[in-house]
Amino acid sequence: MFKHLSLSCILLATIAVTSSWAAPKEPKVGRVKYAVDPALKSTGSCADDAAWSNVRNGATFRQMDCFKTGDGGSIVLRLNSVDDNSLLTIPENSIVNINEFVEKIDDGFIVKTDIKKGYMGFKAEKNKGHEIEFRTGTAAASIRGTEGVIGGDGDKTMFGGLKNGKLSIFDVSSGDSISITEGQTVIGKGSFAVLKLKSSGEMGFAKMLQQIISDGSLSLDDLIAAATKADSAFQETLVSAASQAPAQKVETEQARLTVPQIKYTSYDSLRCVANVAVSDVQKGSEARLSALMEGTPISEVGVKRNMSKRLALRSGIHEYEFVVENEAGRNSVKKTLGCYPMKPFSVKVLGNKHVPLKIPPAPPEFDDVITQTLQFQIRVPENDPIVLNKVVVRQNGKVILQERLSQIQNLDYQIPVELKRNHKNRFDIEVIHKSGYAVKAIKVYEVD
C-alpha cells in the first residue's frame, strides 16, 4: 500500500510547464486570475508586519511577491503566458512566496515558490517550456505536465497528491528519490509513505490532509491511517452529491421553472454596497445571485425567495454586472458605480507653516511685486485623485483656486502667489474626499 524513504533535509517541488511566449525583460511572473477575500499580497517579505495590500483581480505578480489568505479566502494565479492554462491555486489560510524568476536560455522561464504555510494546488500543461519549483519545509518534487496539490506544516510534515502525471520526490542531501503517479498521495514525516487514494490531488481532500498533518502528535503511521479514513469520507461526499444531482434535475423539470428577475435599486458609496431586488423566484426552488466586476466574479449567494439583497462593492470606480439565474435562464443589470469608503488622509504643506520674509522694496521704476510658490501634497491611501471631491485654496479669505471632481488631476500642487508687503498673507487649503471627509491646512507668509 505504501513505501518509506528516509527524509533528512529541505526538499523542492518542480513542475515543468511551458509556452512559446518569450519571457519579459522585467521579472513579471503572471497575473491574478481570481481572488476571494481575505486575500493579501506584499513584496519582499512574508512577515506579519510586512506592507500587505488587497489582491486585485487581473493584477500582475512578480518576483519576491508573497501571498496570504485568511478564512474563506483564495487566490488563483495564471502564469505569464497567453496560450498557457497553467495555474497555481492558493487556498484559505495559506502563505506562499514567489521567491525567484529566472529566464531560460532557450525558451520559457523558471518560477520558484516557497510554501510558508498551508498548501497549493497546481495545474501544469505538458510541452510548454516553463518550470515551477515548490519548496516546503520538508519535501522536494519534480513534476512534468500534471495536476495536483502540495503542502506542509513547517519543517515537520509534508504531503503531495496527483490527479494525473508524475511526481518525483528527492532528498537533496542523500540523493535518494521516490516517485508517485496518478492517483497516489505521499506523506512525509521523518520518512516518506506513498498511498494509493481515490481522492489524490483533489483540493477538497487536500484541505482535510492539511488539517490532519497539523496535529504534531501524530506519528507517520497515525497519519497514514487518518489519511486513508479521510479518503473514504471524501469519496462518500462525492457519491452523495452525485446521487442527489439526478433527483434535483427531475424536481426542476417538474417545477417548470421560470427565469428570475433582478432590479437595481440603489447603492451606498461610503459603505461600498449595492442594493438589488430579486423577484419571480418560485417556491421550493433556488436561484443564484452573483456580482461581477469588469467581467470577473467577486461574489455569489443562493436565493430561495423574492427578496432585496445587499452586495459588496470594491473601492474605486468599476463596471458591475449583477446577475440572477437558475436552470431556466438568467437576467442581469449593469451599472458603473464608485465606492469611496471613508479613509483618513492628510495634506502636507511643504516648508514651515509660518514663513517670515525680509525683502527690500523694489526701485521706484519697478513694480513692487513679491511672489512665492505655495506647495502642498495631498496624501490619500489610494494615491489617486479620483477619490477627491473638491480642492479649495483661499488667500486671506478670497478663493484663488477651486477644483472639483474631474478637474482634480494630480495630488501635488505648486501655485504661484503674490504677497502683500507689511502684511500676514494667510493661505487656507481645504481638501474634501468623496466620502465627505475633509482636511484643512494653513500656510502664512509674513513680508516686512
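No value in this document is a laboratory result; all are computed from the given coordinates. Just so it is clear, the structure is predicted and the values come from calculations on it, not from any experiment. Virtual Cβ from ideal backbone geometry, glycine too; neighbours counted across all protein chains shown.
Some observations on this one:
- Overall form of the stretch 305-387 per C-alpha gyration tensor (a/c, 1.5; a/b vs b/c): prolate
- C-alpha center-to-center spacing [the stretch 267-321, the stretch 30-65] in angstrom: 26
- Note that the stretch 285-290 has calculated 3J(HN,Hα) couplings of 10, 9, 10, 10, 10, 9 Hz, one per residue in order, obtained from phi through the Karplus relation 6.51 cos²θ - 1.76 cosθ + 1.60 (θ = phi - 60°); glycine and proline are x.
- With Cα atoms defining each centre, the stretch 421-437 and the stretch 175-201 are spaced 68 Å apart in the structure.
- Distance violations [Cα-Cα > 24 Å] among Lys283/Lys334; Lys335/Lys434; Lys112/Lys163; Lys41/Lys123; Lys33/Lys309; Lys309/Lys390: Lys283/Lys334; Lys33/Lys309; Lys309/Lys390
- The ranking of Lys398, Lys420 by Cβ neighbour count inside 10 Å, starting from the fewest, reads Lys398, Lys420.
- The orientation-averaged shadow of the Cα convex hull for the stretch 261-339, equal to a quarter of the hull surface, comes to 4.6 nm².
- Classification of the stretch 346-447 by its C-alpha gyration tensor yields a prolate form. The axis ratio a/c (a ≥ b ≥ c) is 1.5 or more, and a/b outweighs b/c.
- Distant-in-sequence amide H partners of Leu357 (H built 1.01 Å from N, under 5 Å): Glu446, Val447, Asp448
- For Arg135, the residues whose modelled amide H falls within less than 5 Å of its own, excluding neighbours fewer than 5 places apart on the same chain, are Ala13, Thr113, Asp114, Ile115.
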